[in-house]
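See below for the structure under consideration.
Only the coordinates and a few stated rules stand behind these numbers; no lab work does. Keep in mind that this is a model prediction, so the values were computed, not measured. Heads up, the Cβs are rebuilt from the backbone with ideal geometry, glycines too, and the neighbour counts pull from every protein chain shown.
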Ligand code: AMP
Ligand code: GLY
């Protein structure tokens with residue numbers, strides 16, 4: 001089989017790494033890929049947003065399976081376009097991807113199908129949103145409705161901050177059209193975890209739970225980022241909770257969408273807050289999480305490719321997925337300055353040294369080739385990932401890997417996995 005992976009981050013490197021292990025795969029292509037992915041397959045210089053270009057490439061090269069990493073092409077209907085041409089592509093179609101691309105849509109689905117989530121109201125008028133904030137008082141969470149590259153959410157602990165967030169989204173247009181409508185939510189208290197699930201629109205098979213670390217600095221301090229690291233399993237998700245989440249969140253969501261004529265296939269990602277009243281949905285995403293994928297796929301013992309195909313062709317009920325009991329931890333090495341402005345082009349050394357240790361994998365998140373070197377090319381640069389017999393062992397190995405790698409200005413959190421450790425001690 002010929003497989004094409006779309007995207008260029010750590011998530012896509014992990015996908016390509018896992019797909020490449022399948023005996024079903026004869027050729028692997030990545031568009032646009034990165035230097036880590038180039039070691040696994042052929043990188044094709046087509047951006048993830050260029051749907052016409054990707055479609056042309058897939059047709060010409062008779063790609064048997066296309067796997068889409070990021071949300072934007074999904075929301076823009078890449079799966080629909082591939083399907084029109086008779087091509088198999090993994091991910092939800094454009095209507096189904098609205099579950100991530102419109103928070104108001106996602107909230108309305110959750111409300112209709114009684115999926116536990118924060119109470120909310122939605123607004124298309126800044127004056128009405130402001131009046132609501134003043135009447136409700138804080139804490140409140142203000143969310144731009146549309147896709148805002150992870151930046152559209154403000155957790156406001158004072159009223160001025162909440163009103164500023166409304167003004168930035170709705171009056172100043174900081175998020176463009178994505179912010180012309182906002183959702184204002186009740187603030188949930190608890191511990192966060194992510195559950196990603198495979199679905200063919202009917203059957204839902206959850207993957208093992210994981211947790212990412214969104215704050216930039218140790219102790220969950222500092223600005224929000226795309227994620228500074230992740231670990232799996234997430235001990236906050238007990239076996240009982242996993243069953244409850246399947247029954248109260250994942251299956252009702254897929255069934256509810258089907259009831260509305262929306263056939264949701266691919267990965268359904270539930271970002272959850274485990275509150276004292278049980279798990280509640282913070283957000284749905286329509287794709288693999290980043291960096292959650294980097295700690296979930298290394299724990300998947302089964303071949304990923306038949307599962308992806310089964311999601312596309314409606315036979316997921318025939319699949320059984322086996323998971324490794326070991327723990328996986330991934331530490332993000334970021335560019336100096338990230339998540340604010342940062343430099344690119346810094347030479348990276350030590351990746352091979354880090355990987356010499358069996359069990360350490362370095363997924364490339366923001367790198368490129370320059371002359372004979374691999375250099376930094378993004379905020380999040382590398383995901384140094386390790387499997388260990390338990391979380392403590394995986395943490396030790398991942399940081400041993402991190403210590404082998406250097407580039408100017410590199411920074412990383414030193415406490416990835418701390419919540420899991422606290423639960424174990
Ligand atoms: P999102 O982009 O929707 O994942 O939100 C980003 C982060 O904001 C989440 O990971 C949570 O930490 C926080 N957040 C979002 N919604 C809520 C909520 N209703 N209550 C508490 N925290 C929230
Ligand atoms: N780790 C958060 C996300 O993938 O959206």
For this session: Using the Kirkwood radius over Cα pairs, work out the Stokes-Einstein diffusion coefficient for the range 106-169 at 4 °C and 1.567 mPa s, in µm²/s as a whole number.
Result: 104
Exercise. Can you give the Kirkwood hydrodynamic radius for the range 240-312, in Å, rounded to one decimal and based on Cα pairs?
Worked result: 13.8
For this session: Kindly provide log₁₀ I(q)/I(0) values, in the same order as q = 0.29 Å⁻¹, from the Debye equation applied to equal alpha-carbon scatterers of the range 377-425.
Result: -1.18
Exercise. Relative to the compact globular guide of 2.2 N^0.38 Å, what is the alpha carbon radius of gyration of the range 257-299, as a ratio?
Worked result: 1.42
Seminar exercise, completed: Using alpha carbon positions and the Kirkwood radius, the Rg to Rh ratio of the range 135-208 is 1.11
For this session: Using R₀ = 51 Å, calculate the FRET efficiency as 1/(1 + (r/R₀)^6) where r is the Cβ-Cβ separation of residue 322 and residue 76; round to 0.05.
Result: 0.90
Exercise. How would you rank 1, 273, going from fewest to most other Cβ atoms within 10 Å of each one's own Cβ?
Worked result: 1, 273
Seminar exercise, completed: Simple spin-label estimate for residue 138/residue 160, 7 Å along Cα→Cβ, in nm, reads 0.9
Exercise. Taking the alpha-carbon centroid of each part, what is the distance from the range 367-388 to the range 135-185 in angstrom?
Worked result: 33
Problem set entry | Projected area averaged over orientations for the range 1-135, convex hull of C-alpha atoms, nm² | 11.0
Problem set entry | Percent RCO, i.e. relative contact order, over the range 212-295, from Cα pairs under 8 Å lying at least 6 residues apart | 26
Problem set entry | For the chain: relative contact order, % (alpha-carbon pairs under 8 angstrom, 6 or more apart) | 16
For this session: Give the relative contact order (percent, whole number) for the range 21-164; include only Cα pairs under 8 Å separated by 6+ residues.
Result: 13
Exercise. Given R₀ = 25 Å, FRET efficiency for residue 167-residue 217 by Cβ-Cβ distance, to 0.05?
Worked result: 0.35
Exercise. What ranking do 231, 399 get, fewest neighbouring Cβ atoms within 10 angstrom at the top?
Worked result: 399, 231
For this session: Please quote Rg/Rh for the range 59-121 to two decimal places, taking the Kirkwood radius as Rh and restricting both calculations to Cα atoms.
Result: 1.13
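Over 17 Å, how big is the tail of the calculated P(r) for the range 244-358, in percent of all Cα pairs?
That tail contains 72 percent of the Cα-Cα pairs.
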Exercise. If each Cα of the chain is one equal point scatterer, what is log10 of I(q)/I(0) from the Debye formula at q = 0.14 Å⁻¹?
Worked result: -1.39
Exercise. Using only Cα atoms, what Kirkwood radius does the range 154-248 have, in angstroms?
Worked result: 16.3
Exercise. With no solvent and one point per C-alpha, what does the Debye sum give as log10 I(q)/I(0) for the range 57-177 at q = 0.18 Å⁻¹?
Worked result: -0.95
Seminar exercise, completed: Going fewest to most other Cβ atoms within 10 Å around each Cβ, 13, 411 line up as 411, 13
Seminar exercise, completed: Cα-only Rg/Rh for the range 340-425 with Kirkwood Rh rounds to 1.02
